[in-house]
Every structure is written in C-alpha cells, then in structure tokens.
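*Asks:* The structure under discussion is supplied below as structure tokens; questions concerning it will follow.
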C-alpha cells in the first residue's frame, strides 16, 4: 500500500511539473492547463564585455545616443534590460522573441578571431566576437542573465536560435550539436516557451530542395526533442513564396510562424491575403511571428508606411484578422526604433511610447470571429493593372483539383506576378508582358517549372515524398559529394533567378567554383 501511494505521489508531481511548461492541446497553447495567447514583441540584445567579464544588454541601437547614454557596466546594462522588459509587460505583451543572440551570428569572424575584439567604441563601445564553442558554457552563462531578467519581469521567451547560413554543411551539423546542448541545459526552464530555428530562411538559404530541407529540419528538431519536450519548436517563415522551398507542410516543427507585412504604401491587404493563404494550407497551429507598420512623429528621412494613427489602425486590424483566421499568437516588430531600419518600434527614438502601445491589452482581449476570415477580392488577382493573362488548372496525380496552389510568372520584360488557384484548381495569372516561365507549387507538393504552355494548360503536381535518411547519415557516407550537391543546387537556383542576365549567370558560376573549393578544404580536415 505504501508503495502504491508513492507511485501516486510521483505521478501527481510529474503532472504538476509538466503543467508549468507550454503545451499544444486541441489546437491551443496551454500553460498550467489554462489557455495562453502569446502577445509577442521582438526584442534585440547585445553581448557586452569588460576585461574577462561578459554580460547581456538591450540592443545598443535602442539607446537614443549610444555613444553618450549606453550602459557601461554589467549592473547598469541589466537594470536597463529589466526596465525594458517590465515596460513591455506592462503594456500587454507577455512574450519576447529574442534576436541577435543566435548561433552563427558573426560566425565567419569568430572562426578567425575567437578571442578578438572589435573597436566600435565611437558608437557602441568595444564588443567581443562571441564564439559558439562546445560545450557553449560562456554562451549559456550570458543567456542565464536574460532568463533571470525575464523572470523578474514576468515575461516568457521565444529564442531565435539559428543565424544565417546554418543550413550549409558543415555548419548545419555544428548547429545540431548546439541545439542538443541548448535543449539539455534549459529543459527545465519554463521561461523559454519555444525555440525558433531560423529567421526567414527563404531569403538567404537558396538552392535546397524541399526534401533536403525536410531532412535538415527533422535533424534539428530531433536534437532538441532528444533532450526535452518542455519547449516547442518553430521556424520564422516569410510570405507565400516560402512554399517553393521551406514548405510549411514539410517542416517537422510544433507550430508555424509567419512573417507578413503591408505593401510599400502601408496597405494591409497583402497581409490579409497572405494570412488567409497560410490559414488554408497550415496543417498545424500557426502564429504571426513578425509584422509591423513603420510610423514616426519625426521627419527622419526614412521610409514610412503611414502616420501614427494609421499604425494604430494597422495593429488593431491585423491582430484581429490573425485571431479570426485561427492564429494562436501575434508578434510585432520590434521594441524600439533604430537607425538601421524604418520606424516600426513600440518606442520611438526619443524613448516615447507610440500611441498603439496604449491599446495592446484592449485589442488582445477581443474575441475572434471566424466567419470574418475571408480574403480580399484581390486574392486571386493580387497585382492590378495588368491586362494580359493566362488561364490554367492545377491537379494532383489522381486528377483532383489542388486549391491554393501558388503560381509565379516571369515575363520576357523581366516583370513577375503571382496568384493562387481556386478551390476547383483553376487560376488566371495576369502579366504586363508576355509570360515566358511559370513556377508552380503547393504545400506538400513538388515544384513544377513550365516554359512551354498554352492558355488553359493543366499542370499535374506530385506529392512530395520525403527521404527518411537522416542528415548525419548522408554526410557521413560522403562529405564532399553532399557538399558539392548543395553547391550545385545553389548554382542552379541562382542561374534560374538571373533569367537572361549573362553577367548575373557568370557571377553564379564564379560563386559555385568558390563553394567547391571550400568543399575540398572541409573534406580534407
């Protein structure tokens, strides 16, 4: 009997402990078995140092005049960081997505200057190249400081874990080892609710096929899940064109994270249409991982999307539309206006809260209205003013129509356009000039490229069949062959994007030769 009660006590203890971590149940985020809606703000950090000491601080460009006002010692930096997080929490945000702390940041420099410093004291003060060297203890000691600050502010963390080009061999394997160490170290840390593997990889990780990306992401997710299931996994994806490579349906993550913005005139219609597309093709929970609207009360000379009232309107409408279409969270870019970007910040360059910052809690409390999740009338003709068009139909291997397929055209005059297929698989794609190439894909399907087609052409898409062989098994068998294969994929993609530009094609081939030389060097190590 005593042993029986001991088992019961143990099970109750395990249940209570697991409940403090974020979970997904029936399409909802839960913490302590209570629905949790993350209202997220992107927040940048820097690593500072003095002598052998290193510490974390708010991003230096968040200071109005970094040369004069930036923090100069560990305690001041931590105090400023905690003050930021408490302000963020008081305005209704309950999660920060931390960036500029990811594996691979400045990694090319780190390899050559592992203990060096960069003298940029005229602006920020000297900073140290921060190496990511196993077992990563120096890195984790600094991350501990961020977690402690988040606890004091009662705010959760989504950690952007991977920087640019971690998908390339051999760095991809190094990144997998880092994720294992990260997950093992923080497996019992409830302040971290998710790891974001990459930020908008479609914009820099070119040339990989859907199957290769599936294998990479599966390996990275396995590195985390082999140590913990207390934190979730996501990837920060761009707009609908990400379906050509980082296809959501091919990613072994816990939830999808989409980054959507207004057009150059501040029009929210592209956001609405792109969000509707993702709401239709997503087979897992999803969130808006980034959006923003640039506005300022100053004449900074930087591009804006509109004035501060328009920014309030954009926040209110886009948050509501996210919830109406089934999104589980919404994330704004970013905390503070900075010199290197349009003024998206919650706080302006004079440290004043922008008007939309006063309405976060009010907007977040509104209930969703699923019946309002409909696209704008421009969904099937996103680009207005073009009169030339081709009609077609997308079907699968069994002849069934494929809805929400993505069709992108390239015209002989260099212009491009795109559209989506209707529920019956049909589409019209409009163009300013004669269309020379169609690129077609759909979530979970292989890509097609058509350079010979006629009006009312039917295109058949094949389901993507993933390679179950792990990334490690592939590179172990022949490092050079796999490295060369990735370089060839990158070259072919680059040449395709060049169109008829011979100079561009020449640059693609030169880059390929450089990458092959690097493959040889890595293979000899």
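The values are calculated or read from the model by the stated rules, or taken from the named source; none is laboratory data. Owing to the predicted nature of the structure, the values given are computational and were not obtained by experimental measurement. Every residue, glycine among them, receives a Cβ derived from its backbone with ideal geometry; neighbour counts consider all protein chains shown.
*Asks:* Can you pull out the residues in segment 264-295 that are surrounded by 18 or more Cβ atoms within 10 Å (Cβ to Cβ), under 18 Å from the mean Cα position of the chain (by Cα) and part of a loop (DSSP other than H, G, I, E, B)?
*Replies:* Those that are surrounded by 18 or more Cβ atoms within 10 Å (Cβ to Cβ), under 18 Å from the mean Cα position of the chain (by Cα) and part of a loop (DSSP other than H, G, I, E, B): 282, 285, 291, 292, 293.
*Asks:* Kindly indicate whether residue 377 is assigned to a loop (DSSP other than H, G, I, E, B) and free of Cβ contacts under 8 Å to residues at least 24 places away in the same chain. Lay out the reasoning, then the answer.
*Replies:* Working: assigned to a loop (DSSP other than H, G, I, E, B): yes; free of Cβ contacts under 8 Å to residues at least 24 places away in the same chain: yes.
When the stated conditions are applied, residue 377 passes them.
*Asks:* I'd like to verify a number: residues in segment 410-437 that are closer than 21 Å to residue 281 by Cα and in a strand (DSSP E or B), how many?
*Replies:* Residues of segment 410-437 that are closer than 21 Å to residue 281 by Cα, as a first pass: 417-429.
Still in the running and in a strand (DSSP E or B): 417-420, 426-429.
Qualifying residue count for the region: 8.
*Asks:* Okay, next question. Need the failing condition index for residue 182 against (1) over 16 Å from residue 253 (Cβ atoms); (2) in contact with a helix residue (DSSP H, G or I) (Cβ under 8 Å, 6 or more places away or on another chain), just the number.
*Replies:* Condition (1) is where residue 182 drops out.
*Asks:* Out of all the residues in segment 198-221, is one or more in the same structural domain as residue 256 (by TED's automatic domain parsing), farther than 30 Å from residue 444 by Cβ and within 17 Å of the chain's Cα centre (by Cα)?
*Replies:* So the first thing to find is which residues in segment 198-221 are in the same structural domain as residue 256 (by TED's automatic domain parsing), and the list is 198-221.
Subset that is farther than 30 Å from residue 444 by Cβ: none.
Looking for residues that are in the same structural domain as residue 256 (by TED's automatic domain parsing), farther than 30 Å from residue 444 by Cβ and within 17 Å of the chain's Cα centre (by Cα), one finds none in segment 198-221, hence no.
*Asks:* Moving on to the next point. I'd like the full set of residues that are closer than 18 Å to residue 196 by Cα, touching a helix residue (DSSP H, G or I) at 6+ places or on another chain (Cβ under 8 Å) and buried (at least 19 other Cβ atoms within 10 Å of the Cβ), limited to segment 129-158.
*Replies:* Once the filter is applied, which keeps residues that are closer than 18 Å to residue 196 by Cα, touching a helix residue (DSSP H, G or I) at 6+ places or on another chain (Cβ under 8 Å) and buried (at least 19 other Cβ atoms within 10 Å of the Cβ), segment 129-158 yields 132, 146, 150, 155, 156, 157.
The rows are residues; the columns are (1) surrounded by fewer than 20 Cβ atoms within 10 Å (Cβ to Cβ); (2) in a loop (DSSP other than H, G, I, E, B).
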| position | (1), (2) |
| --- | --- |
| 297 | yes, yes |
| 313 | yes, no |
| 318 | no, no |
| 326 | yes, yes |
| 339 | yes, yes |
| 345 | no, yes |
